[in-house]
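**Q** Sending over a structure as structure tokens; questions will come in a sec.
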Amino acid sequence: MNNFSYLNDFIIPGSIIIAQILAVLMPVLISVAFLVYAERKVLALIQLRRGPNVVGPFGILQSFADALKLLTKENIVPANSNKIVFLLAPIITMVLSLAGWAVIPFAPNWVIADINVGIMYLFAVSSLGVYGIIMAGWASNSQYPFLGALRSAAQMVSYEVSIGFVIITVLLCVGSLNLTKIVEAQATVWFAIPLLPMFVVFFISALAETNRLPFDLPEDESTLVAGFFTEYSSASFVLFFLGEYASMILMSSMTVILFMGGWLPPFDIYPLNAIPGVIWFVIKIIFILFLFIWVRGTFPRYRYDQLMRLGWKIFLPLSLLWVVLTAGFLIVFDMVPNSL
Amino acid sequence: MYLYSITFYIFSLVAVLSALMVISARNPVHSVLFLILSFVNASGLFVLLGAEFLAMILVVVYVGAVAVLFLFVVMMLDINFVKLREGFLQYLPFGALLGIVLIIELGILFLTKSFSKNSLNKFVSSPQINEIENTKLIGQVLYTDYFYLFQISGLILLVAMIGSITLTLRDRGQVKRQNISSQNYIDANKAIEKKKVKLGEGI
């Protein structure tokens with residue numbers, strides 16, 4: 001009797017949760033491998049090269065070969081580094097980039113934790129991402145990583161401010177912090193259309209938040225060697241790499257949920273709404289990821305003062321103005337959602 | 001219920017231990033990292049209480065912004081660890097006194113019977129908890145009952161911000177600034193001047 005209650009109370013729900021987590025994380029990790037391949041291939045096409053084409057058909061297994069190579073190398077810990085923090089930093093980066101997936105709704109009811117404050121959770125997790133970088137830069141006890149860490153700390157804190165205001169603008173139109181409700185509110189029109197400037201601001205801030213070109217000052221290879229992960233090798237380097245790309249996918253799924261209607265088809269008509277929601281969701285994520293790579297292939301890197309100017313003097317006033325404008329518009333035309 | 005209490009004890013144990021490590025760690029950067037761990041665990045306790053909005057705000061504001069700047073400053077400062085320890089015995093009595101006063105005050109609060117739910121309700125307008133999600137609840141209370149206090153706290157923050165800017169803003173003499181719009185409107189005619197140079201004369 002007692003054994004049965006344990007089985008029903010803990011073991012079965014626990015194993016269901018673990019199965020759900022694995023069902024989300026395995027595709028994410030595998031898609032990271034293919035994202036790296038896609039990035040190299042797209043960049044190669046932009047630069048009129050052929051890109052990886054040796055391992056597997058069309059070089060599609062290149063990332064797996066790279067991962068295997070990196071994992072079999074020696075893990076070097078610098079003698080003067082702060083060893084515990086040094087090894088903790090890549091783990092934190094990796095864990096945080098995977099933790100956000102807990103609240104992402106892939107399709108109606110396809111979500112591990114459907115919490116009331118889903119968007120706040122995502123914002124919190126993405127704002128913690130800076131710690132992995134700061135800890136790595138400090139613990140390496142070397143000049144270039146430290147400079148990279150300082151740059152990234154200032155950069156991520158600055159762009160979080162405008163991301164916060166963009167999220168508030170969307171929330172004003174939804175009236176809830178739940179991610180599923182945010183998607184459902186876009187059934188008539190995606191927020192990318194009425195809030196187009198905010199969509200652009202959010203996308204550019206997402207580039208800065210994930211340290212992607214043209215804002216990859218923290219790992220600026222032409223001045224800082226490799227920035228905050230200069231001293232990392234082997235498995236800890238792989239963790240940083242995986243974490244960076246997983247958080248890229250996380251930020252693009254956040255963009256899709258906030259502005260491009262999540263799992264909803266573009267128009268609610270027959271051949272389009274017959275396709276399952278999760279496929280729409282993945283197609284939209286792939287589109288945003290392509291934009292990430294496209295931007296990397298086309299734009300030169302920003303200078304640091306230009307980066308700060310863009311964040312504080314352009315995005316912050318613009319997003320603040322749009323919060324006020326949206327709120328005013330909703331009040332004047334009596335369109336405030338679930339007013340009390 | 002087992003699971004609830006186990007999670008509670010894990011969160012509170014880690015929070016208390018890391019708070020102890022904040023004041024006892026030798027390296028100030030480690031102190032700040034333990035402070036962050038303690039914040040995260042406190043937000044876990046908020047989640048257990050059902051106050052998920054407060055939990056997330058705690059992470060976003062304290063861990064995501066304030067502690068980053070803390071860490072930033074502590075990392076940048078060249079701190080002499082030996083000097084930092086020098087005044088320990090000198091300040092010990094004062095610190096102990098503060099701690100004792102705090103414990104006595106908390107004890108008085110908990111021991112007197114006035115600290116019960118009913119007496120608190122006299123001062124605090126409490127909406128129906130458990131029926132509305134707590135984000136909405138905080139909004140209702142904060143922007144109706146405490147509207148003026150909210151505005152005043154905003155003004156205080158503004159004054160603090162202006163104060164810190166006036167303290168740090170100084171005229172640094174020759175600082176080169178870029179005028180972005182004038183740079184964007186540069187064209188070939190303005191940037192390049194064509195001159196016909198006669199052979200053998202130069203400009």
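The values are calculated or read from the model by the stated rules, or taken from the named source; none is laboratory data. Since we're looking at a predicted model, the values are computed, not measured. When we count neighbours, we look across all protein chains shown, and the Cβ atoms used for this are built from the backbone with ideal geometry, even at glycine. When the accessible area is computed, the model is the full protein with side chains, heavy atoms only, and any ligands, DNA or RNA have been set aside. Shrake-Rupley method; radii C 1.70, N 1.55, O 1.52, S 1.80 Å.
**Q** Taking the Kirkwood radius as the inverse of the mean 1/r across Cα pairs, report the Rg/Rh of region A:180-224. Walk me through the numbers before you get to the answer.
**A** Working: Rg = 15.4 Å, Rh = 12.5 Å.
Radius of gyration relative to Kirkwood radius: 1.23.
**Q** Give A:181/B:136; A:41/A:181; A:181/A:313 a once-over and call out the pairs whose C-alpha atoms are over 26 Å from each other. Please report the intermediate quantities before stating the final value.
**A** Details: A:181/B:136 15 Å; A:41/A:181 37 Å; A:181/A:313 32 Å.
Check vs 26 Å cut-off fails for A:41/A:181; A:181/A:313.
**Q** So, by mean Cβ neighbours within 10 angstrom, what's the order for A:13-20, B:173-180, A:41-48, A:180-187 with the highest one leading?
**A** On the way: A:13-20: 11.0, B:173-180: 7.1, A:41-48: 13.9, A:180-187: 19.0.
Descending mean neighbour count gives A:180-187, A:41-48, A:13-20, B:173-180.
**Q** To the nearest whole number, what is the average tally of beta carbon atoms from other chains within 10 Å of the beta carbons of peptide B:65-76?
**A** So the per-residue partner count for this stretch is 4.
**Q** How big is the charge dipole of the protein assembly as shown about its Cα centre, in debye rounded to the nearest 20, if each Lys and Arg gets +1 on its Cβ and each Asp and Glu gets -1 on its Cβ?
**A** With only Lys, Arg, Asp and Glu charged at Cβ, the dipole is about 1500 debye.
**Q** Then there is this: How crowded by other chains is A:78-85, given as the mean number of beta carbons from other chains within 10 Å of each beta carbon?
**A** Averaged over the peptide's residues, the number is 1.
**Q** Follow-up. Treating region A:256-324 as a set of equal point scatterers at the Cα positions, no solvent, please give the Debye-formula log₁₀ I(q)/I(0) at q = 0.12, 0.20 Å⁻¹.
**A** Per q value, in the given order, log10 I(q)/I(0) is -0.55, -0.92.
**Q** Could you give the length gained on full extension between residue B:3 and residue B:151, defined as 0.36 nm per residue of separation minus the Cα-Cα distance, in nm?
**A** Roughly 49.1 nm would be gained on extension.
**Q** Let's test the formula: R0 of 41 Å, r as the Cβ-Cβ distance of residue B:102 and residue B:177. What FRET efficiency results, to the nearest 0.05?
**A** 0.25
**Q** Same structure, new question: Show me A:193-199, A:271-277 ranked by packing, highest mean number of other Cβ atoms within 10 Å first.
**A** Output ranking for A:193-199, A:271-277: A:193-199, A:271-277.
**Q** On to the next question. Put +1 on the Cβ of every Lys and Arg and -1 on every Asp and Glu Cβ in region A:192-273; which of A:249, A:198, A:225 then has its Cα farthest towards the positive end of the dipole?
**A** Projecting each Cα onto the dipole axis, the largest value belongs to A:198.
**Q** Here is a follow-up. Convex hull over the alpha-carbon atoms of region B:1-46: what's its volume per residue in Å³?
**A** 46 Å³
**Q** Counting only other chains, what is the mean number of Cβ atoms within 10 angstrom of the Cβ of each residue in peptide B:27-33? Don't jump to the answer; show the numbers that get you there.
**A** Values: counts 2, 0, 6, 3, 0, 1, 7.
Whole-number average of other-chain Cβ neighbours for B:27-33 is 3.
**Q** So, one more: How fast does chain B diffuse by Stokes-Einstein, in µm²/s, taking the Kirkwood radius from C-alpha pairs at 10 °C and 1.306 mPa s?
**A** The estimated diffusion coefficient comes to 67 µm²/s.
**Q** How many times 2.2 N^0.38 Å is the alpha carbon radius of gyration of the protein assembly as shown?
**A** After normalising by residue count via 2.2 N^0.38 Å, the value is 1.11.
**Q** Taking both sides together, what accessible area is buried at the A/B interface, probe 1.4 Å, expressed in Å² and rounded to the nearest 100?
**A** Buried: approximately 2500 Å² between B and A.
**Q** Using alpha carbon coordinates only, what is the Rg to Rh ratio of region A:1-81, with Rh defined as the Kirkwood radius?
**A** Radius of gyration over Kirkwood radius for region A:1-81 works out to 1.28.
**Q** How far is it, in nm, from the label point at residue A:305 to the one at residue A:69 when both lie 7 Å from their Cα along the line to the Cβ?
**A** 4.0 nm
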